[in-house]
1. Putting +1 on Lys and Arg Cβ atoms and -1 on Asp and Glu Cβ atoms, find which of VAL174, THR39, SER84 reaches farthest to the positive end of the dipole of the stretch 29-178.
2. Could you give me the radius of gyration and the Dmax of the chain, taking only the C-alpha atoms into account and expressing both in angstrom?
3. Please report, in debye to the nearest 20, how large the charge dipole of the chain is about its Cα centre when each Lys and Arg carries +1 at its beta carbon and each Asp and Glu carries -1 there.
4. Skipping prolines and chain starts, which residues have an amide H placed within reach, meaning under 5 Å, of the one on SER147, given they are 5 or more residues away or on another chain?
5. Would you please classify the overall shape of the stretch 135-220 from the alpha carbon gyration tensor, given that a ≥ b ≥ c denote the square roots of the eigenvalues, rounded means a/c under 1.5, and beyond that prolate means a/b larger than b/c while oblate covers the rest?
6. Pull out the extension gain between SER55 and GLU167, defined as 0.36 nm times the separation in residues minus the alpha carbon to alpha carbon distance; nm, one decimal.
7. If the chain between LEU199 and CYS145 were fully stretched, how many nm would it gain, using 0.36 nm times the residue separation less the Cα-Cα distance?
8. Can you give the charge dipole size of the stretch 102-221 about its Cα centre, rounded to the nearest 20 debye, using +1 on the beta carbon of Lys and Arg and -1 on the beta carbon of Asp and Glu?
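Throughout, read-outs are computed from the coordinates displayed, never taken from laboratory work. As the structure is a prediction and not an experimental result, all values here were calculated from the model. Neighbour counts run over all protein chains shown; Cβ positions are idealised from the backbone, glycine included.
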Amino acid sequence: MQQIDKNFKNVSKMPRERLLRYGVERLSDAELIALVFRTGSHNRRAILLAEELLSKYNNSLRQLSTLGLGLMHEISGLGAAKSSSLIACFELSRRLTQSEVVDLSKIESSKDVYAFIKPYIASILHEEFWVIYLNNSKGIISVKCLSKGGMTGTVVDIRILLKQALEYMATGFVICHNHPSGSLIPSHSDRKLTDKVNLAARTLDLQLIDHLIVTEKDYFSFADKGMIT
């Protein structure tokens with residue numbers, strides 16, 4: 001084992017060789033990015049360019065994945081080809097995550113809601129507000145993203161929410177939004193929005209079944225806490 005570790009360090013500047021010898025799971029984030037880049041630039045090897053890029057964004061792949069082509073292209077040493085390749089990798093990762101959405105025909109509990117909506121919004125760095133429209137048997141009719149915001153909030157048009165519910169002939173719905181901070185404590189705005197949506201829905205004989213705050217590790221259910229009456 002000691003000999004393997006020594007060899008692993010000896011090829012530390014050669015990500016491709018490390019991958020072939022030890023497997024992709026042994027590579028660091030910087031080494032994987034270097035493989036995407038393939039070549040370096042400005043007298044810097046690809047691995048050094050990758051390390052500098054990660055360091056600029058607190059060694060956070062999540063932060064790096066939010067960069068658009070324009071912002072990434074502005075980083076010294078990254079041309080259009082390298083920037084495009086890295087952004088394509090992140091987009092493939094997002095699509096893979098969304099392809100793993102739980103295939104549910106019905107919503108029976110808050111756990112079902114979390115399992116269904118988590119791949120859509122748990123890992124993104126800005127807030128999004130989603131609605132799951134349900135029929136009388138709590139079967140899923142449609143899932144919609146109603147708004148996208150910043151890191152600390154998003155604006156929701158309740159009229160659009162209810163208009164779509166009527167168009168889908170839904171009898172109830174679940175609203176969900178994520179907290180990029182990781183906090184599961186509902187804000188005053190979260191509580192106020194829940195009450196407003198609940199009151200408006202009841203005037204149209206619709207049921208707000210639950211409101212979930214979603215993070216990567218867990219969720220908060222307004223219904224489970226008795227906060228929807």
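1. The one lying farthest along the dipole's positive direction is SER84.
2. 22.3, 72
3. Working: 29 positive and 24 negative charges, 130 e Å.
Its charge dipole is roughly 620 debye.
4. Distant-sequence amide H within range of SER147: PHE129.
5. Values: a/c = 1.87, a/b = 1.65, b/c = 1.14.
Taking the square roots of the gyration eigenvalues as a ≥ b ≥ c, the stretch 135-220 is prolate.
6. Working: separation 112, 0.36 × 112 = 40.32 nm, distance 4.85 nm.
Computed gain between SER55 and GLU167 is 35.5 nm.
7. Working: separation 54, 0.36 × 54 = 19.44 nm, distance 2.11 nm.
Here the answer is 17.3 nm.
8. Values: 13 positive and 13 negative charges, 38 e Å.
Its charge dipole is roughly 180 debye.
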